[in-house]
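The values are calculated or read from the model by the stated rules, or taken from the named source; none is laboratory data. What you see is a predicted model, and the numbers here were worked out from it, not measured in a lab. FYI the Cβ positions are ideal-geometry reconstructions off the backbone, even for glycines, and counts take in every protein chain you see.
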Amino acid sequence: MVFFILITIVIYVISIIWTWKNLGEIEKSKKIAVITIGFILIYIITLAIFSISKYSIKYMNSSMEKDVKNIIVAIFTGVNYLIMIPYISKQLDKIHEGTIDKQEFAIKMLSISIIFVGFMLFECNYMKNTQVGILKIFNSK
């Protein structure tokens with residue numbers, strides 16, 4: 001369990017530093033807002049993916065389900081954030097600097113959103129398999 005917590009902390013720290021750096025010269029308060037809003041949105045998406053992935057899985061009790069959900073959602077939120085938000089942050093910085101316009105930004109966001117949806121479909125299956133694996137380990141003890 002300690003290993004998962006340490007890995008999760010490292011992922012979150014890397015995500016925050018990378019996003020902060022990619023936001024360039026944007027004001028600190030706006031950087032904090034982007035990071036916070038990014039985490040909230042990614043958390044909500046990851047929680048929804050988890051809820052979909054656990055649809056046909058039967059847990060022994062609600063406590064076990066809650067523990068598995070907390071671990072999986074925490075780890076996957078960090079990973080999903082790492083995949084999406086630093087890239088979006090870099091694009092926001094490019095708008096701020098004037099190197100791209102809003103139309104080019106919109107096209108890039110549409111492209112990354114399509115890729116992200118495909119990734120979420122893969123992730124949903126992966127989360128389901130992870131939950132099944134955890135239950136198999138638990139049941140074998």
Checking I5, I14, I44 in turn, the sole residue that is farther than 15 Å from D93 by Cα, modelled with pLDDT under 95 and out of contact with any Cys (no Cβ under 8 Å at 6 or more places or on another chain) turns out to be I5
Segment 93-124 - residue that is of a type outside the set (K, R), farther than 28 Å from S53 by Cβ and touching a helix residue (DSSP H, G or I) at 6+ places or on another chain (Cβ under 7 Å) and, of those, surrounded by the most Cβ atoms within 10 Å (Cβ to Cβ):
D93
How many residues of segment 79-102 are among the small types (G, A, S) and at pLDDT 95 or above? The answer is 1
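Among the residues of segment 18-38, what is the count of those that are loosely packed, with under 12 Cβ neighbours inside 10 Å and of a type in the set (A, V, I, L, M)?
Here the count works out to 1.
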Going through segment 1-32 one residue at a time, which ones are closer than 12 Å to I85 by Cα and not polar (S, T, N, Q)?
Y12, I14, I16, I17, W18, W20, K21, L23, K31
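In segment 111-141, what count of residues is obtained for those that are assigned to a helix (DSSP H, G or I), charged (D, E, K, R) and modelled with pLDDT under 90?
Start the filter on segment 111-141 by keeping residues that are assigned to a helix (DSSP H, G or I), which leaves 111-140.
Pick out the ones that are also charged (D, E, K, R) and you get 123, 128, 136.
Adding the requirement that they be modelled with pLDDT under 90 leaves 136.
So the count comes out to 1.
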